[in-house]
1. Given the structure, is Lys208 without any contact (Cβ under 8 Å) to a residue 24 or more places away in the chain and part of a helix (DSSP H, G or I)?
2. Do you know which residues across the stretch 158-205 are more than 16 Å from Leu139 (Cα to Cα) and of a type in the set (Val, Ile, Thr)?
3. Could we say that Glu178 is under 23 Å from Arg222 (Cβ atoms) and without any contact (Cβ under 8 Å) to a residue 60 or more places away in the chain here?
4. Among the residues of the stretch 3-20, what is the count of those that are loosely packed, with under 15 Cβ neighbours inside 10 Å and either not in a helix (DSSP H, G or I) or not assigned by TED's automatic domain parsing to the domain that holds Lys64 (or both)?
5. Answer yes or no: is there a residue in the stretch 27-37 that is in contact with a Ser or Thr (Cβ under 7 Å, 6 or more places away or on another chain) and in contact (Cβ under 8 Å) with a residue 40 or more places away in the chain.
6. Could you list all residues from the stretch 139-158 that are touching a residue at least 60 places away in the same chain (Cβ under 8 Å) and of a type in the set (A, V, I, L, M, F, W, C)?
7. Just for the stretch 72-129: of the residues that are touching a Lys or Arg at 6+ places or on another chain (Cβ under 8 Å), part of a helix (DSSP H, G or I) and aromatic (Phe, Trp, Tyr), which one is nearest to Arg61 (Cα to Cα)?
8. Give the number of residues within the stretch 132-161 that are farther than 22 Å from Glu189 by Cα and crowded, with 21+ Cβ neighbours inside 10 Å.
Amino acid sequence: MVCRDRNRLAMQADILGACALGIKNMLCLSGDHQKFGDHPKSKKVFDIDSMQLISMVKKMRDEKKFQGGEEITVAPQMFIGAAENPFGEPYEFRVLRLAKKIEAGADFIQTQCIYNMDRFRTWVRQSVDMGLTEKIYILAGVTPFKSVGMAKYMQKNVPGLDVPDALEGVDKKDQAKEGIAMCCEQIQEFREMKGVAGVHIMAIEWEKRVPEIVEKAKLLPRPKMQE
């Protein structure tokens with residue numbers, strides 16, 4: 001759910017509707033500005049921001065109250081998620097922003113696509129040192145490159161990313177294969193990294209390759225959850 005398109009009244013109504021339909025997980029986002037989409041002249045809302053949305057959902061779930069204070073008969077039992085970008089400046093503020101989202105009520109975090117591994121390692125280490133990873137589940141965002149062209153497009157056009165000059169010098173016919181190999185190497189490091197609970201595979205317009213990535217990264221079979 002993004003804050004760009006609805007005011008708090010509509011959001012609370014949609015949260016109850018989602019709960020009634022059996023949805024248990026919710027990712028709370030501010031939302032990209034509409035100028036980045038195909039309706040650039042549409043009106044933004046932003047009645048509240050993502051931090052306030054997290055807090056509102058937590059209040060609905062734990063206190064059984066709407067933001068205005070009225071009681072909720074059947075509280076929505078949402079597992080509350082938020083996004084975090086370890087690569088935005090100022091870097092030293094990023095872990096503090098994570099702490100604020102945890103305090104607001106987030107249960108899990110999905111990160112921005114990770115390419116600068118050194119920066120991500122620093123962010124996770126800071127999170128561990130502050131005890132934040134004991135309070136939340138961090139899912140590392142991985143997005144495989146299909147080609148040099150995709151990497152350059154993301155460098156120039158996607159805000160909030162730190163994208164290296166990947167796949168340079170790799171033969172064009174091998175770029176997709178190498179991109180998947182790099183993705184699997186990342187996943188292997190994340191599996192061994194203290195403070196990382198899992199991965200979020202974002203194969204942008206390349207969803208058909210997700211099963212291959214999951215298999216090559218040896219993510220199957222999935223671990224069994226305790227009752």
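The values are calculated or read from the model by the stated rules, or taken from the named source; none is laboratory data. Computed from a predicted structure; not experimentally measured. All Cβ positions, glycine included, derive from the backbone under ideal geometry; neighbour counts span all protein chains shown.
1. Criteria met by Lys208.
2. Val158, Val163, Val170, Ile180, Ile204
3. No.
4. 1
5. Quick first cut of the stretch 27-37, residues in contact with a Ser or Thr (Cβ under 7 Å, 6 or more places away or on another chain) only: 28-30, 34.
Of the ones still in play, those that are also in contact (Cβ under 8 Å) with a residue 40 or more places away in the chain are 28-29.
Checked the stretch 27-37: at least one residue is in contact with a Ser or Thr (Cβ under 7 Å, 6 or more places away or on another chain) and in contact (Cβ under 8 Å) with a residue 40 or more places away in the chain.
6. Quick first cut of the stretch 139-158, residues touching a residue at least 60 places away in the same chain (Cβ under 8 Å) only: 139-144, 146.
Hits for the stretch 139-158 are Leu139, Ala140, Val142.
7. Trp123
8. Here is the first cut: in the stretch 132-161, the residues farther than 22 Å from Glu189 by Cα are 147-150, 152-160.
With crowded, with 21+ Cβ neighbours inside 10 Å added as a condition, the list becomes 150.
Within the stretch 132-161, residues that are farther than 22 Å from Glu189 by Cα and crowded, with 21+ Cβ neighbours inside 10 Å number 1.
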